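Reading through the structure tokens given below for one structure.
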Amino acid sequence: MVLYISIGIIFIFVLFGAFAPAQFAASATSLFDLSIKNFGWFFLISTFGCLVFAFYLAFSKYGRIKLGKDEDEPEYSTLSWFAMLFSAGMGIGLVFWGVAEPLSHYLSPPEGATGGTTEAARLAMRYSFFHWGVHPWAIYTIISLALAYFQFRHDKKGLISAVFSPLIGKLSEGGIGAAIDTLAIIATAFGVATSLGLGALQINGGLNHMFGISINPVVQVVIIGIVTVLFLISATSGLDKGIRILSNTNLLIAVLLMAFVFVVGPTSFILDLFTSTLGGYLQNLVYMSLRMTPFTQGTWVGVWTLFYWAWWIAWGPFVGTFIARVSKGRTIKEFVLGVLLIPSLFSFMWFSVFGGTGLHLELFDQFPIAAAAKQDVTSALFLTLQQLPIGHIIAFIATLLIITFFITSADSATFVLGMLSTKGNPNPSNKVKMVWGVLQSSMAIVLLISGGLNGLQTASIIAAVPFAIIIIGMCVSLMIALRQDEKSLRSRDHRRNKKLDELLSKQSET
């Protein structure tokens, strides 16, 4: 039922966007404005709440509980685990926004700062850290932790609805559970389609920079079509072959690219920037987490922070399901700290290297990258790389990285959508995965044709509003189950210690 209902809803959406793009764009914009106006505060509080709850679980008495049976060990090495969760979590986005976001904030900064100033540059980097730091990974952590806990420790199906069994009992297996899973699938489809659309835009920008291929929707549709064939081939090869190999390849290329730019770019400036921005980020974390503009009625928070929070929430069921699938055997403390801190640190390094290099060119070399990026956001990365030694070769490698991230994200998404829509089957059939692969690519095409980058952002926020409520329910249900589990562990430890004391007492008597 979940499979057919979710496919039907998304297929109707694709048809609406394909045959009435103007009406579709107008409807989406209206829903977007309604969501931002009425639920912006809810996005901020719920996302910050996920962060606080995740750290609480890591350092509480529940941190020792394993995501699996007590004797289970991790299936994947720490490096492969990190590579898979990173590639699935935010690969394309980092490459797309690594230079473009700091430069965009530099021209149009938050907090009422004047654009084009040193204060604007400082805020630009701080908010880039903020948008790509611990907050998105807190959302992923909560969802994936709940799924892995119930799936591997309590032998539940790998479904969002299964997490609600302590809260609503048998209803999680009926109509309410089906509605939860359907909502998760729709949110995932919107979130992934947004990312695939961004990937197509960035690949088009790279091809334009290197070969002069024009930037237009037709080229972007062709790009999506070609990459769809590639990721469907990967999707049929299974989790351990296709996704794991691609994820490790992505991480290797990304690290080498970042290391090259760090070495040949303004190295000392990048190190100073990383240090000072990290300090400012940590110092202002709570303020930025709950910042709204009720007195000035500004739009910056809605355009940037709320878009990102909604995008992460929409990606939540996809990334959460995937991370849960590859995290069996890790303790809650190890899991939370690994998922929260390691990818966030990599993001900070990435923005310091690429965003810092772009700002250095803008501020000290008088190269107008920011103005060019304002005209075409996809050009920021390639214009920055062009100023470095062997810039054209590095631009080609960056484009290759975007393509492999595109394939990995789409491959992972077809796996997760297939899993969610087939009663939590850990190995969905190739037929189901191919259906979802075609549908999510079709959604990306529809969003690009109907609204471009704005259409992609609009779709994410609309899909995220209802699923944010689901995440809060997951937190409550997980807490109920963990309390019961910890009580059982304490009883077991008490019995074990009592037997040990009795044994030692008998031995001493002997």
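The values are calculated or read from the model by the stated rules, or taken from the named source; none is laboratory data. Keep in mind that what you see is a predicted model, and the values were worked out from it rather than measured. Cβ coordinates were reconstructed from backbone atoms using ideal geometry, including for glycine residues, and neighbour counts include every protein chain displayed. These area figures cover heavy atoms from the full protein model, side chains too; ligands, DNA and RNA do not enter into them. Shrake-Rupley method; radii C 1.70, N 1.55, O 1.52, S 1.80 Å.
In deg cm²/dmol, rounded to 500, what helix-only [θ] at 222 nm does the chain give when every DSSP H run of at least 4 residues adds -39500 (n - 2.57) and the total is split over its residues? All intermediate terms of the calculation are to be shown ahead of the outcome.
Numbers: 18 runs with 391 residues, N = 510.
That calculation yields -26500 deg cm²/dmol at 222 nm.
What do you get for the angle between helix 217-235 and the principal long axis of the chain? Use alpha-carbon atoms, 0 to 90 degrees, nearest ten. Approximately 30 degrees, to the nearest ten.
Straight-line reach from LYS431: taking Cα to Cα under 16 Å and skipping same-chain neighbours fewer than 8 places apart, the aspartates and glutamates in range are ASP411.
Note on ILE253 and LYS499: with the Förster distance fixed at 51 Å, the Cβ-Cβ geometry gives a FRET efficiency of about 0.40.
For the pair the range 188-224 / the range 1-63, the C-alpha centres are spaced 23 Å from each other. Residues whose amide H lies under 5 Å from that of THR331, counting only those 5 or more places away or on a different chain, are LEU67; hydrogens are built 1.01 Å from N in the peptide plane.
Among the protein heavy atoms of the chain, carbon and sulfur supply 66% of the accessible surface, probe 1.4 Å, non-protein parts ignored.
Computed from phi, the 3J(HN,Hα) profile of the range 358-368 under the Karplus parametrisation 6.51, -1.76, 1.60 (θ = phi - 60°) reads x, 5, 5, 4, 6, 7, 10, 9, 6, 9, x Hz, with x in place of Gly and Pro. Each label was represented as a point 7 Å from its Cα along the Cα-to-Cβ direction; for LEU107 and ARG291 these points are 2.0 nm apart. Candidate cross-link partners of LYS61 among the lysines, defined by an alpha-carbon separation under 18 Å and a same-chain spacing of 8 or more, comprise LYS69, LYS333, LYS487. Computed over protein heavy atoms with a 1.4 Å probe, the accessible surface of the chain works out to 39 Å² per residue.
Using C-alpha pairs below 8 Å separated by at least 6 residues, the relative contact order for the range 196-277 is 17 percent.
What order, most packed first, do the peptides 142-154, 373-385 have when packing is the mean number of other Cβ atoms within 10 Å of each residue? Don't skip to the end; give the middle numbers.
Numbers: 142-154: 24.6, 373-385: 22.2.
Listed from highest to lowest mean packing, they are 142-154, 373-385.
For the pair ARG483 and GLN283 in one chain, pulling the backbone fully straight at 0.36 nm per residue adds 68.7 nm over the alpha carbon distance. Compared with the alpha-carbon gap, the fully stretched path from THR114 to ASN427 is longer by 107.4 nm at 0.36 nm per residue. For helix 391-420, what angle does its Cα long axis make with the longest principal axis of the chain, in degrees from 0 to 90 and rounded to 10? Approximately 40 degrees, to the nearest ten. Working note: Karplus 6.51/-1.76/1.60 with θ = phi - 60° gives the range 311-325 the couplings 4, 5, 5, 5, 6, x, x, 5, 5, x, 5, 5, 5, 4, 4 Hz, where Gly and Pro are set to x.
Computed from Cα atoms, the angle from the helix 78-107 axis to the main principal axis of the chain rounds to 40 degrees.
Could you give the nm distance between label points at VAL222 and ALA22, where each point is 7 Å from its Cα heading toward the beta carbon? Modelled inter-label distance: 2.8 nm.
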